[in-house]
Amino acid sequence: MMRFANGDNAGAARELWRCVDAAPPEERQDLLLEAYEIAHALLTQHPALEAQRPLLDRIGAEIAKSE
C-alpha cells in the first residue's frame with residue numbers, strides 16, 4: 001500500500017495481488033480488508049489519488065466475492 005500512497009497504482013496492484021495470491025486462505029480476506037481500509041482512507045484524505053480508485057474498487061469486488 002506504500003506504492004498506492006505514492007501514486008504508483010500499477011506497482012501497488014502488482015504487489016498486492018502477489019501477496020494476496022500467496023497468502024494462506026484463512027488470511028486472504030483479512031489482507032484484502034486491511035488493504036481496502038488503507039486505500040479508502042488515503043483516497044478520502046488525498047483527493048489527488050482519485051485516479052487510483054479502480055484499485056480500491058477491485059479490492060472491494062474481491063472482498064464481496066469472498067463473502
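The values are calculated or read from the model by the stated rules, or taken from the named source; none is laboratory data. It should be emphasised that the depicted structure is a prediction, and the values quoted were computed from it without experimental measurement. Here the Cβ is made from the backbone with ideal geometry for all residues, glycine too, and neighbour counts use every protein chain on show. These accessible areas exclude ligands, DNA and RNA; they are computed on the full protein's heavy atoms, side chains included. Shrake-Rupley method; radii C 1.70, N 1.55, O 1.52, S 1.80 Å.
Just the number, please: carbon plus sulfur as a percent of the accessible area of the chain, 1.4 Å probe, no ligands or DNA/RNA counted. All intermediate terms of the calculation are to be shown ahead of the outcome.
Working: 2340 of 4330 Å².
For the chain, the apolar C and S fraction of the accessible surface comes to 54 percent.
Taking all protein chains together and rolling a 1.4 Å probe, Glu62 ends up with roughly 30 Å² accessible. Near Ala10, once Lys and Arg are set to +1 and Asp and Glu to -1 for all other residues with Cβ below 14 Å from its Cβ, the sum equals +2.
A probe of 1.4 angstrom, applied to the heavy atoms of all protein chains, finds Leu42 with accessible area near 40 square angstrom.
Distances between every pair of Cα atoms in the chain, grouped in 10 Å steps from 0 to the bin holding the largest one, split as 22, 58, 19, 1 percent. Taking all protein chains as they are arranged and a probe of 1.4 Å, the heavy atoms of His46 leave approximately 100 Å² accessible to solvent. Electrostatic tally near Leu55: other residues with Cβ closer than 12 Å to its Cβ, Lys and Arg +1, Asp and Glu -1, net -1.
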